[in-house]
1. Restricting attention to segment B:131-144, and to residues there that are among the β-branched types (Val, Ile, Thr) and more than 14 Å from chain A (Cβ to nearest Cβ), which single residue is farthest from B:LEU69 (Cα to Cα)?
2. For residues that are β-branched (Val, Ile, Thr) and touching a residue at least 24 places away in the same chain (Cβ under 8 Å), tally how many sit in segment A:417-475.
3. Somewhere in segment A:90-98, is a residue among the acidic types (Asp, Glu), within 14 Å of chain B (Cβ to nearest Cβ), in contact with a strand residue (DSSP E or B) (Cβ under 7 Å, 6 or more places away or on another chain) and not in a strand (DSSP E or B)?
4. Do the conditions hold for A:LEU164, that is, is it of a type in the set (A, V, I, L, M, F, W, C), in contact with a helix residue (DSSP H, G or I) (Cβ under 7 Å, 6 or more places away or on another chain), free of Cβ contacts under 8 Å to residues at least 40 places away in the same chain and in a helix (DSSP H, G or I)?
5. Would you be able to tell me the number of residues in segment A:73-89 that are surrounded by fewer than 18 Cβ atoms within 10 Å (Cβ to Cβ) and within 14 Å of chain B (Cβ to nearest Cβ)?
6. Can you find a residue that is free of Cβ contacts under 8 Å to residues at least 60 places away in the same chain, touching an Asp or Glu at 6+ places or on another chain (Cβ under 6 Å) and within 11 Å of another protein chain (Cβ to nearest Cβ) anywhere in segment B:171-190?
7. What are the residues in segment A:99-108 that are among the hydrophobic types (A, V, I, L, M, F, W, C) and either loosely packed, with under 14 Cβ neighbours inside 10 Å or within 11 Å of another protein chain (Cβ to nearest Cβ) (or both), if any?
8. Given the conditions (1) more than 14 Å from every other protein chain (Cβ to nearest Cβ); (2) assigned to a helix (DSSP H, G or I), which single one is not true for A:SER113?
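The values are calculated or read from the model by the stated rules, or taken from the named source; none is laboratory data. Quick caveat: nothing in here was measured; it's all calculated off a predicted structure. FYI the Cβ positions are ideal-geometry reconstructions off the backbone, even for glycines, and counts take in every protein chain you see.
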Amino acid sequence: MVHRRFSGLTSISTKLRVIILTICGLVLLFSTVAATLYTIYSGRQDLRQKVLAMTEIAANQSAAALMFEDAVTAAENLKSLQAAPEVEVALLRLPDNRKLAAYRRAPEVKEVSCPQCANDGIHWLEKQLHSVQTIRVDGNIVGRLVLQVSLEDLHRQTTSFVALSLLMLLAAMAAASALATWMQRSITRPVEELSEGMQHVARTNDYSIRVPRKTEDELGRLTDGFNAMLGQIESQEKELARHREELEMLVEQRTRELKVSMDKVQQLAFFDELTGLANRLLFKERVDLVLGHARQQKDNFAILFLDLDRFKRINDSFGHHIGDMLLKEIARRLLACLRTTDMVSLWTEELLNQCVSRQGGDEFILLLSELKTTGDAARVANRIIKAISQPIQLEGYELVSTTSIGIAVYPDDGTTVDQLLKNADAAMYHAKKEGRNNYQFFRDTMHESSIRRLSVETELRHALEQKQLRVVYQPLIDLAENRVYGAEALVRWSHPRLGNISPVEFIPVAEECDLIGPLTGYMLDQVGRHLARWRDMRLPSIQVSVNVSGARFGQQRLVEMTRRVIRTYGLTPQQLILELTEYTLMTNRQETLEILLHLQREGVGIAIDDFGTGYSSLAYLKSFPIDTLKIDKSFVDEVATDPNDQAIVRAIIALARSLELEVIAEGVETEEQRGFLLNLGCYRFQGYLYGRPMPPKDFEEFLATAKPAL
Amino acid sequence: VVEGEQRFMKRFFSLIAIGLLVALLGGSLEVVYADSQAEEYRLKAAFLLNFARFAQWPSSAFAAHETELVVGILGRDPYGDALKQLQGMVVHGRKVRISYMENEPDPSSCQLVFIAGSESPRLAEYLLRFKGYPVLLVSDIPQFGERGGHIELFTRHNKVRFRINLAGLKSSNIILSSKLLHLAELVERK
């Protein structure tokens, strides 16, 4: 309880003061009480000794007087006790108890009766003491002396001593209090400083302060400990702050990186990674916006759907790296075209980017808003076609690509984004069908063709499996030798439901959906089979040329297939001629060259189809193992009337001659054409003039009958 | 009538009371006087012993009887039974013996002598006889001290007192305690 109450005191200084004062008070109190008791005791002892001595002296003096009962002398003797003022009464009694003499210090002093004072010695009463002594002489009792001594002096002495002691006690307590204050200050001052230091630290979190050490005792060590602790905390704090800073820096860096990533993600989400153009999503949003605007303002706008012609071939032949670079260049050119278009002059570069979009692969879509007339769209399309068909120099290659463009105009060709895009796509396919490198406005009939294209694609797979494809042969005539020297194997497709489907329609489809390989294989096999049969029928030995597509050409399997057919049917390799286009030849040149060299070693002939339509460098031509050049039908058509075509044909023939190549004209239909070509030095012909493509049975007959009668 | 009768009765009883009182007092006075004679000598006997107690004899005084202090009585003994009280008491380690002396006493046979009043006429002879001997001479004969005795007892105010002749003591070689001297009158030198 006490402990609790004590510990309940608020401060150490108060506790210390209480302790010091309590100890001092107790010590002083005990010593005062002891001193007082001792003083009282010694006072009484002194008095006792004194009284005993006085009694002895008086008794001695009075003995004779008692013996002789001399009251006068006895009284006189007793009078000498006046010298001791504390003696109040003195009585001398004879042995028979008669009173011989008495002394009284003053008349008013009374003798106090004391029944118990019969014996010798000192008897303490309340305010007096009685000293009794029996007086003997020679062993005989001669009388008795009784002294009554006042204790007043003793009491007064004691009282004043106690009073003085109390005064001293108070003074000592005051001094102790002062001492306690000083002592507790010397002890608690450092404690208070420590406490203040701690509170300061707690309040401000400033760990750099130190509490000054003032003493060498436990408090000093405590201060040292506290300071050491502060030091440790401070260094830890610094470490922590450093870590925090590092962390913040890291977080900042991460945030920056994250922002970059976010931007990138946004870029990825809305922009095409390769070209930086808007992707389908963003583009559609853009179109939506323009659509809303156009709806309100009754404006027109156009969607242009672009597809690079034969881009797949470039990609397959030259690799994705070149393909990607080509796409980037195309994107750049498209943007440049739009930039120079007055109708988009108000657009910022960012918005411009959003108006050209890559749809993946080689497809691009353009948005032309604020059209005045549809002629504006046609003008832009023309400009684009022209710009894209400019040769592109890429890592030493010179590439030429063309594009087909479909145009859909709001609101005539659609009132929703999807509709417009679909229709523009259909128009683009139509442009492809129309021979590529052109643009087409959407027409309602186009949908059918694009639907048809889809069904062609799916049906073509079945056709290969179900052998719906047939091979027809168009004769090749050599007028110099005046004979049918060969035939070109052409494919025909009679679909049970769709009817006859032109190769112009399904060959590109086959190319695009990787069916050209099986198709070529099928053709080669058929041709091998027919050649073997004709040989067995002992028909004249001829050469048959088979078209090989560029997309297929990049694969070694062509060589294997050729070898297998020759082996299987026991042909002479010279009977086979593989025709490839100038375009195929020029793209992916190195690989093509290697394949051609392989084929040449086999003994297979190589012909270049459609020669003159491409932009192949004639300089490279001689490095290829080519046997024949086939002059494209487009030159032959007008060769009789167009001097340009005559010049081109003459040049091709001259080239063939200088390279020691055979040359044959395709699509010869009239005598006039034949005459001109003969004049220019071309003796080999292919065309309706000599024979349409015919089924093998018919061709057998043709071969058997149409002998040198030409 | 009744009042007077009562007053008379009161006076009568008063007279009887006073008479009785006088008779009683008269009887007691006589007793007191007789007692005071005996008391006086009882005191004087005590005094004799007390003087011996305050006196210091030369050793030669006890040549005859080493162990006794002999108190000689000269003349007719006035003490009655009082002296018998002293017999056998011890003073200075010596037993007190009372010795009644002849007319021709031997001064060396005792240490203290009381000369009774009956010997007043032969006082000079006795004084001469004891002169120079260590014997303390005590008497209640008037002028005893002046005539050459050592201690003279006398009565004053009904109290027994004594007088000491220092000059006479000197020749006896007895020394008296100053305490005794303090109580005594001193005989002045002539």
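1. Pass one, segment B:131-144, residues among the β-branched types (Val, Ile, Thr): B:135, B:138, B:141.
After this cut, where a residue has to be more than 14 Å from chain A (Cβ to nearest Cβ) as well, the list is B:135, B:141.
Values: B:VAL135: 11, B:ILE141: 23 Å.
Only one residue fits best here, namely B:ILE141.
2. Restricting attention to segment A:417-475, the residues satisfying the condition of being β-branched (Val, Ile, Thr) are A:417, A:445, A:451, A:456, A:458, A:471-472.
Subset that is touching a residue at least 24 places away in the same chain (Cβ under 8 Å): A:417, A:456, A:471-472.
Total satisfying the criteria: 4.
3. Start the filter on segment A:90-98 by keeping residues that are among the acidic types (Asp, Glu), which leaves A:96.
Of the ones still in play, those that are also within 14 Å of chain B (Cβ to nearest Cβ) are A:96.
From what's left, in contact with a strand residue (DSSP E or B) (Cβ under 7 Å, 6 or more places away or on another chain): none.
There is no residue in segment A:90-98 that is among the acidic types (Asp, Glu), within 14 Å of chain B (Cβ to nearest Cβ), in contact with a strand residue (DSSP E or B) (Cβ under 7 Å, 6 or more places away or on another chain) and not in a strand (DSSP E or B).
4. Numbers: of a type in the set (A, V, I, L, M, F, W, C): yes; in contact with a helix residue (DSSP H, G or I) (Cβ under 7 Å, 6 or more places away or on another chain): no; free of Cβ contacts under 8 Å to residues at least 40 places away in the same chain: yes; in a helix (DSSP H, G or I): yes.
Judged against the criteria, A:LEU164 is not a match.
5. Count: 4.
6. Looking only at segment B:171-190, we keep the residues that are free of Cβ contacts under 8 Å to residues at least 60 places away in the same chain, and these are B:171-172, B:178, B:181-190.
Right, trim to touching an Asp or Glu at 6+ places or on another chain (Cβ under 6 Å) and you get B:183, B:187.
The next check asks that each one be within 11 Å of another protein chain (Cβ to nearest Cβ); those that pass are B:183.
Within segment B:171-190, one or more residues are free of Cβ contacts under 8 Å to residues at least 60 places away in the same chain, touching an Asp or Glu at 6+ places or on another chain (Cβ under 6 Å) and within 11 Å of another protein chain (Cβ to nearest Cβ).
7. Hit for segment A:99-108 is A:ALA106, nothing else.
8. Tallying (1) more than 14 Å from every other protein chain (Cβ to nearest Cβ); (2) assigned to a helix (DSSP H, G or I), A:SER113 fails exactly one: (2).
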